[in-house]
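I have a structure here, written as structure tokens, and I will follow up with some questions on it.
The values are calculated or read from the model by the stated rules, or taken from the named source; none is laboratory data. The shown structure was predicted, so the numbers you read here are calculated from the model rather than taken from an experiment. Glycine gets a Cβ as well: all are built from the backbone with ideal geometry, and neighbour counts include every protein chain shown.
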Amino acid sequence: MSDNINQLLKECFGFAEFREGQQPVIENLLAGRSAAAVFPTGGGKSLCYQLPALAFAGLTLVVSPLIALMKDQIDALAARGIAARRLDSTLSVDDYRRVMDDVRAGRLKLLYVAPERFNNERFREQMKRIRISLFAVDEAHCISEWGHNFRPDYLKLGAFARQFRAERILALTATATPPVLQDMCRVFEIDKACATCTGFYRSNLTLLLTPVTASDRDHELISRLHERPVGPTIVYVTLQKTAMAVADKLNAEGFSSKAYHAGLKPDVRETVQDWFLESDCGVVVATIAFGMGVDKPNIRYVYHYNLPKSLENYSQEIGRAGRDAEPATCEVLSCSDDLTVLENFVLGDTPTRDSADRFVKEIFSQDADFDVSYFDLARKSDIRILVIRTLMTYLELEGYLEGGTPFYSGYQFKPLMSSAEILEKFDGEYRDFLRRMLAQSRKKKTWVYIDVDAAAGKLQQPRNRLVAALDDLGNQQMLDLKVTGVRNRYRRLRQPESYDALVDHLYDQGLQRERRELERLEQVIRLVDLRECQVAHLCHHFGKPLGHDCGHCSSCLNPPMPGLGKRASTSVTNDVAERIRKAQAELEYQLPDRVQLVRFLCGLSSPAISKARLQSDPRFGSLEELPFQAVLDAIP
């Protein structure tokens with residue numbers, strides 16, 4: 001490795017040497033090869049693209065799923081004098097413009113974006129003109145259906161990287177089993193010899209699994225917090241309301257505690273995160289929305305108040321402890337009652353066959369070239385948007401559809417100068433084109449609206465020329481431009497030979513996903529019930545066997561250990577059955593399908609429930625402690 005890279009490592013990042021696995025990954029990138037890195041959480045993945053970015057002439061484009069991760073890393077880079085910015089939904093129009101000005105001028109070394117950013121046609125057009133030396137994809141396990149967090153948007157990132165002529169790709173994750181790593185290498189065209197996996201094991205983490213009942217869980221958590229030395233702590237829970245309730249209980253006990261979940265406003269979440277980063281004794285009670293990319297090295301404790309939903313989630317969450325290499329404790333307060341809620345989340349996501357049928361009929365009733373709103377599709381079929389994205393991806397992968405460039409259906413702008421002043425700055429054919437384009441707009445109060453498709457037809461000009469012109473006027477601060485309503489273009493390549501067979505196939509795909517998710521939950525149960533070294537078991541799960549007992553997990557420290565235990569009674573009583581029948585009769589118009597009613601009673605939101613505005617109904621979630629199937633079986 002060149003002396004220059006070692007010098008950058010020391011001068012820019014303050015490290016005298018590389019951590020395990022970092023050097024081979026960076027060497028591959030410097031040699032022009034794409035690479036994959038599977039390091040444990042806190043294992044130094046980010047350095048694998050941040051350091052090479054300083055050596056490359058072009059831009060390093062980092063795809064990251066969470067704003068919190070982007071913000072934290074960019075703040076750390078700024079403190080080191082490294083030019084890095086992010087594009088996300090929280091930026092104002094002016095901030096977005098300044099970031100893109102810096103990109104075009106070559107003033108940035110790293111630009112962080114979410115995978116959804118590639119739905120923005122303006123962004124994609126601009127990136128085609130930029131030299132991208134490195135296309136880095138964090139949480140790259142999301143490309144794989146075998147992974148625990150499959151996201152259809154990730155499947156297209158490899159194609160985008162090639163479209164942008166990215167010179168090399170880096171795929172990173174902390175949680176890839178061998179089949180997932182194989183998928184990562186396939187999608188991003190990475191030679192398996194360029195994949196580096198350092199394994200799960202971290203000797204400074206003590207992993208404890210403590211069976212509890214629901215009634216004594218609060219007491220057990222509070223006792224732990226009192227007994228152990230004070231230190232920054234994360235308590236993970238499943239539900240947003242649990243986060244609020246547990247945080248309140250801890251504050252009443254004298255702890256400095258705050259709740260964090262996706263239902264809080266962005267500025268509140270940011271305030272909580274900043275508070276925790278600065279605290280030496282703070283306790284954050286959070287759903288899994290918290291933690292990704294939070295670079296706080298001295299987290300001493302991670303408690304799972306509720307069971308994690310998979311071993312992959314568990315490994316990510318405990319990986320946030322002890323990044324300073326000092327001892328840290330991670331304890332699961334394992335309660336069998338948690339299984340019902342976790343199973344219900346899985347079962348509630350699976351589309352019914354009727355929903356799959358409505359989805360297929362809607363898609364294949366379109367013209368050969370068509371565009372759709374995922375939001376509209378979700379409402380019409382009562383399938384959640386993430387599942388809609390997945391089904392559309394299936395249809396692409398199986399040759400029914402070809403995805404095109406997503407676009408915004410609505411363009412609006414606020415003139416920052418008069419039309420005459422704008423036109424004075426141009427001449428010739430382009431000036432005439434702008435004049436005719438602006439004449440197609442209409443003003444409504446402050447904002448001016450333009451139907452780009454209709455205007456393109458009238459002017460007999462390509463749509464992308466109008467979009468590029470509006471974008472150009474916005475970049476030159478002649479207009480304050482806003483876009484709304486993402487629509488996704490598709491071309492139908494073939495009709496299904498049998499509509500019923502395709503519906504059955506998509507419905508079966510949903511059932512297969514359901515089985516995979518339930519199997520991941522079973523893997524958690526097996527870990528809790530295990531009498532052998534749990535750390536060795538986890539290492540084997542992630543494809544890097546430890547080869548010996550760890551000596552610092554529950555099984556090694558206190559054998560024999562009790563298992564998870566039996567769940568509390570989950571049968572439907574006569575009284576509950578009567579409440580179900582009454583709700584069915586009263587909600588027959590809004591929720592005609594039995595599964596829709598079960599989702600409502602178990603507190604699982606869906607497009608149909610949102611459309612009917614039933615989340616505020618007191619019956620919503622009233623049976624969340626009962627198994628989904630038990631409630632379904634009780635409906636006539």
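Based on what the data block shows, is R579 within 11 Å of A634 (Cα to Cα), among the charged types (D, E, K, R) and either in the same structural domain as S336 (by TED's automatic domain parsing) or surrounded by 16 or more Cβ atoms within 10 Å (Cβ to Cβ) (or both)?
yes
Yes/no matrix, rows are residues, columns are (1) under 24 Å from the mean Cα position of the chain (by Cα); (2) over 29 Å from S89 (Cβ atoms); (3) aliphatic (A, V, I, L, M):
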{"position": "S203", "(1), (2), (3)": "no, yes, no"}
{"position": "H219", "(1), (2), (3)": "no, yes, no"}
{"position": "R224", "(1), (2), (3)": "no, yes, no"}
{"position": "K249", "(1), (2), (3)": "no, yes, no"}
{"position": "G254", "(1), (2), (3)": "no, yes, no"}
{"position": "A262", "(1), (2), (3)": "yes, no, yes"}
{"position": "N298", "(1), (2), (3)": "no, yes, no"}
{"position": "N306", "(1), (2), (3)": "yes, no, no"}
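For segment 560-610, what are the residues that are modelled with pLDDT under 90 and among the charged types (D, E, K, R)?
Scanning segment 560-610 gives K566, R567.
Considering only segment 245-296, how many residues are of a type in the set (D, E, K, R), touching a residue at least 12 places away in the same chain (Cβ under 8 Å) and part of a loop (DSSP other than H, G, I, E, B)?
So the count comes out to 4.
In addition: Among the residues that make up segment 65-78, is at least one of them under 26 Å from Q126 (Cβ atoms) and exposed (fewer than 15 other Cβ atoms within 10 Å of the Cβ)?
Among the residues of segment 65-78, at least one is under 26 Å from Q126 (Cβ atoms) and exposed (fewer than 15 other Cβ atoms within 10 Å of the Cβ), which makes the answer yes.
Further question: Suppose we filter segment 307-318 for residues that are part of a loop (DSSP other than H, G, I, E, B) and crowded, with 23+ Cβ neighbours inside 10 Å; how many remain?
Residues in segment 307-318 being part of a loop (DSSP other than H, G, I, E, B) and crowded, with 23+ Cβ neighbours inside 10 Å: 2 in total.
Which of the residues that make up segment 531-545 are more than 15 Å from P308 (Cβ to Cβ) and more than 25 Å from the chain's Cα centre (by Cα)?
Matches in segment 531-545: R531, E532, C533, V535, A536, H540, K544, P545.
Looking at segment 134-213, what strands (runs of 3 or more DSSP E) fall wholly within it and have at least 1 residues that are closer than 21 Å to R33 by Cβ?
169-173, 195-197
For segment 323-342: of the residues being under 24 Å from the mean Cα position of the chain (by Cα) and crowded, with 23+ Cβ neighbours inside 10 Å, which is nearest to Q73 (Cα to Cα)?
C330
Select, from D88, D75, the only residue that is at pLDDT below 95 and farther than 24 Å from F160 by Cα.
Numbers: D88 fails: farther than 24 Å from F160 by Cα.
Result: D75 is the single residue among D88, D75 that is at pLDDT below 95 and farther than 24 Å from F160 by Cα.
Take the conditions more than 22 Å from S89 (Cα to Cα) and modelled with pLDDT under 90 and apply them to K444. Does it pass?
Details: more than 22 Å from S89 (Cα to Cα): yes; modelled with pLDDT under 90: yes.
When the stated conditions are applied, K444 passes them.
Any idea how many residues of segment 193-218 are without any contact (Cβ under 8 Å) to a residue 12 or more places away in the chain and either under 20 Å from K566 (Cα atoms) or among the polar types (S, T, N, Q) (or both)?
Residues that pass the stated criteria total 2.
Restricting to segment 371-409, what's the tally of residues that are part of a loop (DSSP other than H, G, I, E, B) and either of a type in the set (G, A, S) or touching a residue at least 60 places away in the same chain (Cβ under 8 Å) (or both)?
Taking segment 371-409 as the starting set, the residues that turn out to be part of a loop (DSSP other than H, G, I, E, B) are 373, 382-384, 398-400, 404-406.
Checking the rest, the ones that are also either of a type in the set (G, A, S) or touching a residue at least 60 places away in the same chain (Cβ under 8 Å) (or both) come to 373, 382-384, 399-400, 404-406.
Total satisfying the criteria: 9.
Condition check ((1) in contact with a Ser or Thr (Cβ under 9 Å, 6 or more places away or on another chain); (2) of a type outside the set (S, T, Y)) across all residues:
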site	(1), (2)
K309	yes, yes
E312	yes, yes
R323	yes, yes
A328	yes, yes
L333	yes, yes
S336	yes, no
L339	no, yes
F345	yes, yes
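Restricting attention to segment 219-235, which residues are in contact (Cβ under 8 Å) with a residue 40 or more places away in the chain and of a type outside the set (A, V, I, L, M)? Explain how you work it out, then say what you get.
Applying the first criterion (in contact (Cβ under 8 Å) with a residue 40 or more places away in the chain) to segment 219-235 yields 220-221, 224-225, 228-235.
Listed by number, the residues that qualify are E220, R224, R228, P229, G231, P232, T233.
On to the next question. Out of segment 287-303, which residues are modelled with pLDDT of 75 or more and closer than 24 Å to V341 by Cβ?
T287, I288, F290, Y301, V302, Y303
When only residues in segment 323-338 that are among the charged types (D, E, K, R) and either outside the structural domain of I222 (by TED's automatic domain parsing) or out of contact with any Gly (no Cβ under 8 Å at 6 or more places or on another chain) (or both) count, which is modelled with the highest pLDDT?
Going through the qualifying residues, I end up with E331.
Another question, if that's okay. When you scan segment 38-45, do you find a residue that is surrounded by fewer than 18 Cβ atoms within 10 Å (Cβ to Cβ) and not assigned by TED's automatic domain parsing to the domain that holds G474, even just one?
No, segment 38-45 contains no residue that is surrounded by fewer than 18 Cβ atoms within 10 Å (Cβ to Cβ) and not assigned by TED's automatic domain parsing to the domain that holds G474.
Can you pull out every residue in segment 381-396 that is farther than 14 Å from N488 by Cβ and of a type in the set (V, I, T)?
The answer is I383, V387.
When you go through (1) in contact with a strand residue (DSSP E or B) (Cβ under 6 Å, 6 or more places away or on another chain); (2) in contact (Cβ under 8 Å) with a residue 60 or more places away in the chain; (3) not charged (D, E, K, R) one by one for V503, which number turns out not to apply?
In the conditions (1) in contact with a strand residue (DSSP E or B) (Cβ under 6 Å, 6 or more places away or on another chain); (2) in contact (Cβ under 8 Å) with a residue 60 or more places away in the chain; (3) not charged (D, E, K, R), V503 misses (1) alone.
Among the residues of segment 418-425, is there at least one that is surrounded by fewer than 21 Cβ atoms within 10 Å (Cβ to Cβ) and in contact (Cβ under 8 Å) with a residue 60 or more places away in the chain? Show your work before the answer.
From segment 418-425, those surrounded by fewer than 21 Cβ atoms within 10 Å (Cβ to Cβ) are 418-425; that's our starting set.
Cutting the leftovers down to in contact (Cβ under 8 Å) with a residue 60 or more places away in the chain gives us none.
The answer is no; no qualifying residue exists.
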